[in-house]
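Engineer: Before I ask anything, here is the structure I am working with.
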Amino acid sequence: GAVVSQHPSRVICKSGTSVKIECRSLDFQATTMFWYRQFPKQSLMLMATSNEGSKATYEQGVEKDKFLINHASLTLSTLTVTSAHPEDSSFYICSASGPKGYTFGSGTRLTVV
Amino acid sequence: AQSVTQLGSHVSVSEGALVLLRCNYSSSVPPYLFWYVQYPNQGLQLLLKYTTGATLVKGINGFEAEFKKSETSFHLTKPSAHMSDAAEYFCAVSEGTSYGKLTFGQGTILTVHP
């Protein structure tokens with residue numbers, strides 16, 4: 001139980017385009033979803049916290065207009081990287097807060113060329 | 001504010017040797033502490049967590065950690081390393097709740113050599 005499915009696992013996009021990453025909680029309701037970013041050989045940095053039906057709360061220094069987060073249902077949250085640039089290349093991981101604590105997605109490797 | 005410091009970005013042990021990964025935290029309220037393992041290009045898997053109660057916490061794959069409030073530490077140990085333990089390990093803290101936002105340490109890469 002407590003599985004979070006994150007897609008895509010890898011994506012390569014051209015600079016200037018937008019990319020959407022999905023996280024679905026398969027067998028539980030995730031009232032809160034956390035989105036993290038991880039640079040190579042570095043730790044996870046929290047980008048934003050989203051609660052179902054509410055606007056996301058972004059951490060200091062994270063551009064809300066660039067990283068759009070939607071949490072429209074208790075089982076789905078999306079992160080859209082808008083007008084992506086090479087410096088947005090990173091590993092993005094979601095984490096859902098549920099009855100068994102935190103469950104992490106498997107991550108998305110974004111490469112912007 | 002909460003923070004986590006992992007001492008040693010790289011730890012190397014021989015197969016069968018003791019594994020010790022160090023974690024110190026800072027929290028203004030009673031902390032909830034976690035250890036996660038990450039394999040390359042994958043998400044995080046929970047090894048163990050401390051919420052309340054017994055300070056020695058046993059986790060999966062033979063790992064355990066002890067919460068020491070006086071030392072603000074939560075070191076991770078395993079008596080005998082296995083090759084499959086090679087991965088990156090993260091210590092994390094959540095303030096006052098097991099469902100709030102996590103703050104992660106910098107990570108420790110564990111290498112196990114034959």
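Taken together, the values in this text are just the output of simple stated rules run on the coordinates, not laboratory data. Bear in mind that the values here come from a model prediction, so they are computed numbers and not experimental data. Every residue, glycine among them, receives a Cβ derived from its backbone with ideal geometry; neighbour counts consider all protein chains shown.
Engineer: Please identify the longest segment of chain A free of exposed trypsin sites (Lys or Arg not before Pro), where exposed means a DSSP state other than H, G, I, E or B and no more than 16 other Cβ atoms within 10 Å.
Structural biologist: Details: sites that count: A:LYS14, A:LYS41, A:LYS55, A:LYS64, A:LYS66, A:LYS100.
Looking at chain A, A:67-99 is the longest stretch - no exposed trypsin sites (Lys or Arg not before Pro) with at most 16 other Cβ atoms within 10 Å.
Engineer: Between the DSSP loop rule and a limit of at most 13 other Cβ atoms within 10 Å, which trypsin sites (Lys or Arg not before Pro) in segment B:10-114 are left? Before the final figure, lay out the partial values.
Structural biologist: Numbers: sites: B:ARG22, B:LYS49, B:LYS58, B:LYS68, B:LYS69, B:LYS101; in loops: B:LYS69, B:LYS101.
Answer by residue number: B:LYS69.
Engineer: May I ask you to derive the relative contact order of chain A, considering only C-alpha pairs under 8 Å and at least 6 residues apart, and to give it as an integer percent? Please report the intermediate quantities before stating the final value.
Structural biologist: On the way: 295 pairs, mean separation 42.7, N = 113.
Here the relative contact order equals 38 percent.
Engineer: Cα-Cα over 29 Å: which of A:LYS14/B:LYS49; A:LYS20/A:LYS41; A:LYS100/B:LYS78; A:LYS66/A:LYS100; A:LYS41/B:LYS49; A:LYS20/B:LYS49? Walk me through the numbers on the way to the answer.
Structural biologist: Details: A:LYS14/B:LYS49 40 Å; A:LYS20/A:LYS41 24 Å; A:LYS100/B:LYS78 24 Å; A:LYS66/A:LYS100 31 Å; A:LYS41/B:LYS49 24 Å; A:LYS20/B:LYS49 32 Å.
From A:LYS14/B:LYS49; A:LYS20/A:LYS41; A:LYS100/B:LYS78; A:LYS66/A:LYS100; A:LYS41/B:LYS49; A:LYS20/B:LYS49, over 29 Å: A:LYS14/B:LYS49; A:LYS66/A:LYS100; A:LYS20/B:LYS49.
Engineer: Quick check: pseudo-label points 7 Å beyond the Cα along Cα→Cβ at B:SER84 and B:GLN106, how many nm apart are they?
Structural biologist: So the label points at B:SER84 and B:GLN106 sit 3.1 nm apart.
Engineer: Report the normalised scattering of segment B:1-106 as log10 I(q)/I(0) at q = 0.17 Å⁻¹, calculated by the Debye formula with identical scatterers on the alpha carbons.
Structural biologist: -0.74
Engineer: Would you work out which of A:THR17, A:THR75, A:TRP35 lies farthest towards the positive end of the dipole of chain A? Charges go on Cβ: Lys and Arg +1, Asp and Glu -1.
Structural biologist: Result: A:THR17, furthest along the dipole toward the positive end.
Engineer: Where both partners of a DSSP beta bridge lie in chain B, what percent of those bridges are antiparallel, to the nearest 5? Walk me through the intermediate numbers first.
Structural biologist: On the way: 36 of 41 bridges.
Antiparallel: roughly 90 percent of the beta bridges in chain B.
Engineer: Still on this structure, please answer the following. Can you tell me what share of the DSSP beta bridges in chain A is antiparallel? A percent to the nearest 5 is fine.
Structural biologist: Details: 38 of 42 bridges.
Taking every DSSP beta bridge within chain A, about 90 percent pair in antiparallel fashion.
Engineer: Considering chain A, which cysteines have no disulfide-compatible partner, defined as another cysteine with its Cβ under 4.7 Å away?
Structural biologist: A:CYS13
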